[in-house]
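The values are calculated or read from the model by the stated rules, or taken from the named source; none is laboratory data. Model, not experiment: these values are computed from the prediction. We place every Cβ from the backbone using ideal geometry, glycine too, and count neighbours over all the protein chains shown. Only protein heavy atoms, including side chains, enter the accessible area calculation; ligands, DNA and RNA are left aside. Shrake-Rupley method; radii C 1.70, N 1.55, O 1.52, S 1.80 Å.
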Amino acid sequence: SRIYTRTYPGGARFWADFRDFSDVGGDRERLIAPGERFATTDHNVAEVLAGRRLQELEALRHGHAIHGTVKQTSLGAFASEHLLAKKRSGRFADETIAAHELYLQRALDFFGVERELGTITVAEVRDWLTHLQTVPNQRGGTLSAWSARHHLGALSNLYRRAASEGYVPPGFNPASAIMEKPRMPHHEARWLEIHEAALLLEAARTYRSPRADSALPHAYELLATFLLTGGRAAEVFGLEVEDVSFDRKTLTFRPNEWRGLKTEASRRTIRLVPQLEEILRPYVFGANGPPGRLLFPSERTAIRAHREGMIRDVRKVLDAIAARAGWQPGEIRTKVFRHTYTAARLQTLDHGAPVSIYTVSRELGHGSTSMVQKVYSHLGAVRHRGEFVEYRVEQHLEELKGRLAGLRMGR
């Protein structure tokens, strides 16, 4: 008896009357199937949708009776408030907030901007996860199960804030209630053996760009900093000159105007290992050293905007350097360096004893050892039992053989 139709230019579409639930947001409402933009034209679908909506409203009324009055808001309105709150907290990097904004926008596209926050069900969230894996990505495929998991986490985080601020009853979180969350098939991440990292670093040292307008003059120093610190991409790109202390032999990752840090544990000071000092000292104090505050400023920003700016993308340069040493385009990315550093560091010594996983975790900016144990630790064929991580081609001539000869001949 609640269902009725309204006539549109394209035909009749189904609505339902829930005005007897006006105390919890009920009204005359379009019956829209998940993933659709308009009210359904199918009577059977309309009955199912009306039944679901009735259950939602009854649950809301029941929740109000138990928990008292709950403030009402739409998903779209609260998503904006949620993102602003994350920004104001200063605890999240701009890249993290931008990613959450994209994830929540896809939720708005599916559920509807005006959808009442407390009416989304676990079944609908499960349908959304299935839908996400049909959404195109930027590589010609569709979003992976792991990407869908990130979307689910962003929605769950929104509901945690909504519960804390009284917009939904305590414990109401249809995202976290999903039992079978998407999982990514486990595979070992790409990383480099110590001798391979040495070869890549030598390729960067001897690299000369064929195009002056697209050159990265400090590519060698940049790659060395990645490989010898294990820093994240944004952390390394945003380093300032004063973050490197040759007197104290330290390098510090801290937030600045160019970028924030991923977590509170990401703020850290690590040792400036001898090889990195040898590479950075002539760069910093040389005639072609950094002209401003940034250790690795963007040449493109300086030319186009006449101001100092942070590097954003080095994929083309990485492909050009890696090709000289025999790798294919796309094989070497900045994440490879973080895995490589960790694998090498775990084989080093600390005052004569094997370095602890806790020490390596803190150097990577992690608050616990779990990520190193589960993700970043790799067992290589080449052991490095020195006190510091280093990648020197002269120590691995036997392993490199023809690859190094070909590199030095310019092939």
>> If I filter region 143-156 for residues that are more than 30 Å from D27 (Cβ to Cβ) and not in a helix (DSSP H, G or I), do I get at least one hit?
In response: yes
> Quick check: is even one residue across region 271-282 within 18 Å of the chain's Cα centre (by Cα) and open to solvent by less than 20 Å² (accessible area, probe 1.4 Å)?
Replying inline: no
> Is it true that some residue in region 63-75 is open to solvent by 50 Å² or more (accessible area, probe 1.4 Å), out of contact with any helix residue (DSSP H, G or I) (no Cβ under 9 Å at 6 or more places or on another chain), among the β-branched types (V, I, T) and not in a helix (DSSP H, G or I)?
Replying inline: yes
> Does region 330-345 contain any residue that is of a type in the set (A, V, I, L, M) and modelled with pLDDT under 90?
Replying inline: no
> Is it the case that T130 is at pLDDT 90 or above, open to solvent by 60 Å² or more (accessible area, probe 1.4 Å) and among the hydroxyl-bearing types (S, T, Y)?
Replying inline: yes
>> I'm trying to understand the selection: among the residues of region 94-122, which are open to solvent by less than 40 Å² (accessible area, probe 1.4 Å), assigned to a helix (DSSP H, G or I) and closer than 27 Å to Q55 by Cβ?
In response: L104, A107, L108, F110, F111, L117, G118, T119
> Do you know which of the residues in region 89-137 that are free of Cβ contacts under 8 Å to residues at least 40 places away in the same chain and β-branched (V, I, T) is nearest to A154 (Cα to Cα)?
Replying inline: I97
> When only residues in region 261-270 that are modelled with pLDDT under 95 and in contact with a Phe, Trp or Tyr (Cβ under 7 Å, 6 or more places away or on another chain) count, which is most open to solvent (accessible area, probe 1.4 Å)?
Replying inline: R267
> Residues of region 229-258 being on the phi > 0 side of the Ramachandran plot and either surrounded by 17 or more Cβ atoms within 10 Å (Cβ to Cβ) or among the polar types (S, T, N, Q) (or both), which ones?
Replying inline: G230
